[in-house]
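What follows is calculated from the coordinates using simple rules that are stated; it is not laboratory data. Everything quoted here is computed from the prediction, not taken from an experiment. Cβ placement follows ideal geometry from the backbone for every residue including glycine, while neighbour counts extend to all protein chains displayed.
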Amino acid sequence: MTEKVKNLIVGCGLSGMTAAAELAARGERVLIVDRREHIGGNIFDARDGQTGITVHRYGPHVFHTNDEKVWNYLSRFTDWHYFMYRVKALIDGREVNIPFNLDSLHRVFGRKTAETLEEKLVCRFGFNRRVPIGELKNADDADLRFLGQYVYEKVFAGYTAKQWGMSLAELDASVGERVPVYTGRDDRYFHDKYQAVPDRGYTAMSARMLDNPLIEVRLATDFRDVRGKISYERLFYSGAVDEYFDYEFGRLPYRSAEIVFVTRDCEYAQSGPQINYPENYDFTRSVEYKYYLDERSDKTVVSYEYPQAFAEGKNERFYPVPRAENEALYRHYADRAAALQNVYFFGRLGDYRYYNMDEAVRRALDLIEGVK
Ligand code: UDP
């Protein structure tokens, strides 16, 4: 006998949980399934057994947004630990602010060169502006072009080759534009109005989102195993869109990473929460988690990320790969998806979009609002 549900949600990540919370808030029953054994999808965090430090199992997640609606929405489920993220990259053995800013200039160049470049940058683009690396590389002034080429080679080339297995030129410009050159001295990684992590972690926030008697959560439950056994009025699918259609048009590529956690017997191991390694090393970045919630321990936990292609059964999908040929392939799936009745695709994997957390929440809110 088939089980009947009103709303079936596939994927208990941030997108699926937002949809579940919204449907339940308007009085509808929801069954949410996930093949993993924990809630939260890739925002899942947990306290490290030895040190008690809250670590992010699938890599660093720092919430940032200018979207008041999303901020207010998530604030129903958590209080926040305000946390302005700061990232450094190790360039020629020196730690340099990322986004590369006016102080970075002075770190890597002699005073005269740095002053000349600073003057040109500010006159050309204005003070405190975000300049995409592509724009700087094509500037009309030769000194600015030189700087663009320098930052491209020192900050982007090696990191992007490791992260994506291809060059920035092969990816959509939007990928590099996430990390601009900054013509000011603000050394924060993001410039959004709201920047924080949930004060008791993402998993606690996730549990609150799902804490409604109308929501049933079934973990360790693969949609492929229950497909056909559960009938639904509506399906909200935040899994991989190509998998839903049995890879009919071929596989969409996704990036993943092996994240290696190391406990170190010292109070702090690095100068700040995240160091990027565009040069040398096989990992892209190291993250020291005790900075996130300002947790205390005489030890510390640092993660090292080794990017990999996604491979089923080996790792999880972290990122879609934004580039024209993948978008073209995705369009075939999107057309198939649009032709279905009462089945809605969303989330990073369902939409094949490199959403930030706030964008994923906004997308799920808008989706549910539009479904009567
Ligand atoms: N990037 C880079 N060097 C850096 C930081 C970022 O080349 O030091 C590039 C790289 O291609 C990366 C992209 O910019 O994938 C976006 O970086 P972001 O920090 O937004 O990546 P995420 O945190 O989403 O992995």
Set Lys69/Lys290; Lys4/Lys372; Lys88/Lys137 screened for pairs whose C-alpha atoms are more than 27 Å apart: Lys69/Lys290
Say we join alpha carbon atoms closer than 10 Å with springs in a Gaussian network model of the chain; which of Val179, Val262, Val131 then has the biggest fluctuation? Val262
If you bin every alpha carbon distance in region 84-239 into 10 Å steps from zero, what whole percent lands in each bin? 9, 29, 23, 15, 14, 8, 2, 0
If you take the charge dipole of region 248-291 about its Cα centre, with +1 on Lys and Arg Cβ and -1 on Asp and Glu Cβ, which of Phe283, Ala257, Ala269 is farthest toward its positive end? Ala257
Around Tyr237, which amide H atoms from residues at least 5 apart in sequence, or from another chain, sit under 5 Å from its own amide H, with H modelled in the peptide plane? Val10, Tyr344, Phe345, Phe346
With x for Gly and Pro, the residue-by-residue ³J(HN,Hα) of region 168-175, computed from phi through the Karplus equation 6.51 cos²θ - 1.76 cosθ + 1.60 at θ = phi - 60° and given in whole Hz, is 4, 5, 8, 9, 4, 4, 4, 5
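How would you classify region 212-262 from its alpha-carbon gyration tensor, with a ≥ b ≥ c the square roots of the eigenvalues: rounded for a/c under 1.5, else prolate if a/b is greater than b/c, otherwise oblate? Mind dumping the intermediate values first?
Details: a/c = 2.55, a/b = 1.24, b/c = 2.06.
Verdict is oblate for region 212-262.
Test of understanding: what is the full-extension gain from Ser297 to Asp172, defined as 0.36 nm times their sequence separation minus their Cα-Cα distance? Could the numbers behind the result be given before it?
Numbers: separation 125, 0.36 × 125 = 45.00 nm, distance 4.16 nm.
Extending this stretch completely gives an extra 40.8 nm.
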Magnitude of the Cβ-charge dipole of region 32-183, K/R +1 and D/E -1, about the Cα centre, nearest 20 debye? 220 debye
May I ask for the angle, rounded to the nearest 10°, between helix 14-25 and the longest principal axis of the chain, with both axes built from Cα atoms and the value confined to 0 to 90°? 50 degrees
Between 0 and 90°, nearest 10: helix 324-338 axis offset from the chain longest Cα axis: 20 degrees
Tell me which residues come under 5 Å, amide H to amide H, from Asp48 once H is placed; ignore anything under 5 positions away on its chain. Ile53, Thr54, Val55
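Roughly speaking, what is the stretch gain from Lys314 to Arg130, that is 0.36 nm per residue apart minus the C-alpha to C-alpha distance, in nm to one decimal? Spell out each step's value before the answer.
On the way: separation 184, 0.36 × 184 = 66.24 nm, distance 3.77 nm.
Difference between extended and current length: 62.5 nm.
Give, rounded to the nearest 20 debye, the magnitude of the charge dipole that region 209-317 has about its Cα centre when Lys and Arg contribute +1 at Cβ and Asp and Glu contribute -1 at Cβ.
Working: 14 positive and 21 negative charges, 35 e Å.
The dipole of region 209-317 has a size of about 160 debye.
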What distance in nm separates the simple spin-label points at Ala324 and Asp141, each placed 7 Å from Cα in the Cβ direction? 3.2 nm
Place +1 on the Cβ of every Lys and Arg and -1 on the Cβ of every Asp and Glu in the chain, take the dipole about the Cα centre, and give the residue among Pro60, Phe44, Ala157 whose Cα lies farthest towards its positive end. Phe44
For Ala207 and Tyr82, what is the calculated FRET efficiency with R₀ set at 22 Å and r taken between the beta-carbons, to the nearest 0.05? 0.50
With a cap of 16 neighbouring Cβ atoms within 10 Å, and only residues DSSP puts in a loop, list the chymotrypsin sites (Phe, Trp or Tyr not before Pro) found in region 196-249. Phe245, Tyr247, Phe249
Ordered by residue, what ³J(HN,Hα) values in Hz, to whole numbers, does region 152-157 give under the Karplus form 6.51 cos²θ - 1.76 cosθ + 1.60, where θ = phi - 60° and Gly and Pro are x? 4, 6, 7, 9, 9, 4
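Between Arg94 and Asp282, what length in nm is gained on full extension when 0.36 nm per residue of separation is reduced by their alpha carbon distance?
On the way: separation 188, 0.36 × 188 = 67.68 nm, distance 1.80 nm.
That pair, Arg94 and Asp282, stretches by 65.9 nm at full extension.
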For region 1-68: rounded, prolate or oblate by the Cα gyration tensor [a/c cutoff 1.5]: oblate
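Please give the FRET efficiency for Asp222 paired with Glu369, using the beta carbon to beta carbon distance and R0 = 30 Å, rounded to the nearest 0.05.
Efficiency at R0 = 30 Å is approximately 0.55.
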Evaluate the distance, in nm, between pseudo-label points positioned 7 Å from the Cα of Cys123 and of Arg185 along their respective Cα→Cβ axes. 2.1 nm
Using a 10 angstrom cutoff on alpha carbons, build the Gaussian network for the chain and name the most mobile of Gly52, Gly158, Gly41. Gly52
In a GNM of the chain with a 10 Å cut-off on Cα contacts, which of Asp265, Asp187, Asp48 has the highest mean-square fluctuation? Asp265
Which ³J(HN,Hα) values in Hz, rounded to whole numbers, follow from the phi angles of region 90-99 under the Karplus curve 6.51 cos²θ - 1.76 cosθ + 1.60, where θ = phi - 60° and Gly and Pro get x? 8, 10, 6, x, 10, 7, 10, 4, 10, x
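Which trypsin sites (Lys or Arg not before Pro) in region 169-247 pass both tests, a DSSP loop state and at most 10 other beta-carbon atoms within 10 Å? Please list the in-between numbers first.
On the way: sites: Arg178, Arg185, Arg188, Lys193, Arg200, Arg208, Arg218, Arg224, Arg227, Lys229, Arg234; in loops: Arg178, Arg185, Arg188, Lys193, Arg200, Lys229.
Listed in order of number, the matching sites are Lys229.
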If each DSSP helix of 4+ residues adds -39,500 (n - 2.57) and the sum is divided by the residues in the chain, what number results at 222 nm, nearest 500 deg cm²/dmol? -8500 deg cm²/dmol
If you filter region 9-55 for trypsin sites (Lys or Arg not before Pro), then keep DSSP loop positions with at most 10 other Cβ within 10 Å, what is left? Arg26
